[in-house]
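Working notes, beginning with the structure itself.
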Amino acid sequence: MRRVQIYRWQIPMDAGVVLRERRLKTRDGLFVHLQDAGQEGWGEISPLPGFSQESLEEATVAALAWAKAWQAGADPQLPGMPSADFGLSCALAELHNTLPQAANYRAAMLCTGDPDELVVALAAMPGEKVAKIKVGLYEAVRDGMVVNLLLEALPDLRLRLDANRAWTPLKAQQFAKYVNPAYRDRIAFLEEPCKTRADSRDFALNTGIAIAWDESLRDVDFVFEAQEGVRAVIVKPTLTGSLEKVQAQVATAKALGLEVVISSSLESSLGLTQLARIAGWLTPESIPGLDTLNLMQTQLLRRWPNCLLPCQDVDVLEPLL
């Protein structure tokens with residue numbers, strides 16, 4: 001007999017988390033728990049404010065309607081909202097044992113804070129040194145100087161940068177001016193430097209700094225294609241949709257020779273562990289972008305390996321069914 005429960009949760013965030021000029025005090029979302037024939041599956045539905053096309057309230061209404069139909073014995077279509085489709089498809093995949101358990105828990109370290117302290121922390125990082133820096137939050141010149149400092153101090157470091165379309169072409173050029181040309185090939189990629197794809201591509205061609213598409217994957221006119229200067233695509237399943245759609249995007253990008261990085265949309269520890277499993281399954285050759293738990297104050301239900309944050313159980317969640 002089918003049983004289903006949807007829970008609402010809220011996680012306090014660290015004070016400094018800002019998304020598109022908006023401070024995020026809490027991360028809010030849903031868990032869906034499916035049970036059938038002695039099997040169970042969990043999924044997370046957590047639209048990202050400022051990035052998801054649907055609100056949490058809209059996703060909640062859609063998920064509750066889907067859950068009631070599923071519990072009654074139907075096999076309803078997914079709602080068509082990316083975050084809801086992703087969470088529900090993960091719960092179904094766990095229920096049917098089609099989401100592999102093996103996970104890629106490697107993470108590109110998310111760098112924040114004092115550059116001198118970052119040098120020490122990165123120098124102590126074991127194995128392959130891959131780190132990520134958000135740029136575009138401060139002056140472009142400052143960003144360029146920080147990136148140059150880290151690459152100069154750590155010859156075995158590769159950096160992933162993310163500008164979230166923050167720069168005009170002039171600002172992007174100011175950034176590049178302060179990065180030694182000899183170090184630019186150790187910038188693995190710079191995500192979406194400019195407000196338009198054309199300006200971002202021009203930046204890559206003019207500077208030799210490879211770029212990656214992230215937000216562009218959600219543009220209605222976006223087409224996957226091999227382009228000079230474009231090295232990678234960033235797939236964020238919460239913003240993409242069902243596991244089937246994630247698989248299709250990964251396969252299409254790989255066929256074009258692009259690197260694919262599975263990346264977080266600030267999911268809870270439960271969602272992050274599922275993203276690590278998806279990365280281990282679909283992109284085992286790439287280090288995923290999942291180093292976001294340090295922005296939160298607790299874990300929920302499932303622990304991330306070696307994370308020291310407390311982990312709260314199901315009894316702290318608000319049941320909605």
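The values are calculated or read from the model by the stated rules, or taken from the named source; none is laboratory data. This one's a predicted model, so the numbers in the text were calculated from it and none came from an experiment. So basically every Cβ, Gly included, is an ideal-geometry build from the backbone, and we count neighbours across all protein chains shown. Accessible surface is based on the protein model in full, side chains and every heavy atom, while ligands, DNA and RNA are left aside. Shrake-Rupley method; radii C 1.70, N 1.55, O 1.52, S 1.80 Å.
So which residues in the range 13-42 are in a loop (DSSP other than H, G, I, E, B), hydrophobic (A, V, I, L, M, F, W, C) and in contact (Cβ under 8 Å) with a residue 40 or more places away in the chain, if there are any at all?
So the first thing to find is which residues in the range 13-42 are in a loop (DSSP other than H, G, I, E, B), and the list is 14-17, 20-21, 24-25, 37-38.
With the extra rule that they be hydrophobic (A, V, I, L, M, F, W, C), the set shrinks to 15, 17, 24, 37.
Matches in the range 13-42: 17, 24.
Of the numbered conditions (1) farther than 30 Å from residue 155 by Cα; (2) over 21 Å from the mean Cα position of the chain (by Cα); (3) open to solvent by 10 Å² or more (accessible area, probe 1.4 Å), residue 70 fails exactly one; give the number of that condition.
(3)
Of the conditions (1) surrounded by fewer than 19 Cβ atoms within 10 Å (Cβ to Cβ); (2) under 19 Å from residue 82 (Cβ atoms); (3) touching a residue at least 12 places away in the same chain (Cβ under 8 Å), residue 256 fails just one. Which one is it?
(2)
Taking the conditions exactly as written (surrounded by fewer than 19 Cβ atoms within 10 Å (Cβ to Cβ) and either touching a helix residue (DSSP H, G or I) at 6+ places or on another chain (Cβ under 8 Å) or β-branched (Val, Ile, Thr) (or both)), does residue 174 satisfy them or not?
Details: surrounded by fewer than 19 Cβ atoms within 10 Å (Cβ to Cβ): yes; either touching a helix residue (DSSP H, G or I) at 6+ places or on another chain (Cβ under 8 Å) or β-branched (Val, Ile, Thr) (or both): yes.
It is true that residue 174 is surrounded by fewer than 19 Cβ atoms within 10 Å (Cβ to Cβ) and either touching a helix residue (DSSP H, G or I) at 6+ places or on another chain (Cβ under 8 Å) or β-branched (Val, Ile, Thr) (or both).
Read through the list (1) open to solvent by 60 Å² or more (accessible area, probe 1.4 Å); (2) of a type outside the set (Ser, Thr, Tyr); (3) part of a loop (DSSP other than H, G, I, E, B), then give the number of the only condition that residue 10 fails.
Among (1) open to solvent by 60 Å² or more (accessible area, probe 1.4 Å); (2) of a type outside the set (Ser, Thr, Tyr); (3) part of a loop (DSSP other than H, G, I, E, B), residue 10 violates only (3).
Residues of the range 180-209 being outside any helix (DSSP H, G or I), of a type outside the set (D, E, K, R) and open to solvent by 10 Å² or more (accessible area, probe 1.4 Å), which ones?
So the first thing to find is which residues in the range 180-209 are outside any helix (DSSP H, G or I), and the list is 180, 187-196, 208-209.
This time we only want the ones that are of a type outside the set (D, E, K, R), so: 180, 187-190, 193-194, 196, 208-209.
Answer for the range 180-209, where residues must be outside any helix (DSSP H, G or I), of a type outside the set (D, E, K, R) and open to solvent by 10 Å² or more (accessible area, probe 1.4 Å): 180, 196, 208.
Just one of (1) at pLDDT below 95; (2) touching a Pro at 6+ places or on another chain (Cβ under 7 Å); (3) of a type in the set (A, V, I, L, M) trips up residue 246, so point out which.
It fails just one condition, (1).
Out of the range 109-163, which residues are part of a loop (DSSP other than H, G, I, E, B) and within 25 Å of residue 215 (Cβ to Cβ)? Break it down stepwise before answering.
In the first step, residues of the range 109-163 are kept if they are part of a loop (DSSP other than H, G, I, E, B); the result is 112-114, 124-128, 135-139, 154-156, 163.
Selection gives 112, 135, 136, 137, 138, 139, 163.
Could you please find all residues in the range 113-135 being closer than 24 Å to residue 236 by Cβ and surrounded by 16 or more Cβ atoms within 10 Å (Cβ to Cβ)?
Answer for the range 113-135, where residues must be closer than 24 Å to residue 236 by Cβ and surrounded by 16 or more Cβ atoms within 10 Å (Cβ to Cβ): 129, 130, 131, 132, 133, 134, 135.
Go over the candidates 261, 233 one by one and state the one that is free of Cβ contacts under 8 Å to residues at least 40 places away in the same chain, part of a strand (DSSP E or B) and surrounded by 21 or more Cβ atoms within 10 Å (Cβ to Cβ).
Being free of Cβ contacts under 8 Å to residues at least 40 places away in the same chain, part of a strand (DSSP E or B) and surrounded by 21 or more Cβ atoms within 10 Å (Cβ to Cβ) holds for just one of 261, 233, which is 233.
Would the range 35-44 turn up any residue that is surrounded by 14 or more Cβ atoms within 10 Å (Cβ to Cβ), in contact with a strand residue (DSSP E or B) (Cβ under 9 Å, 6 or more places away or on another chain) and of a type in the set (Gly, Ala, Ser)?
yes
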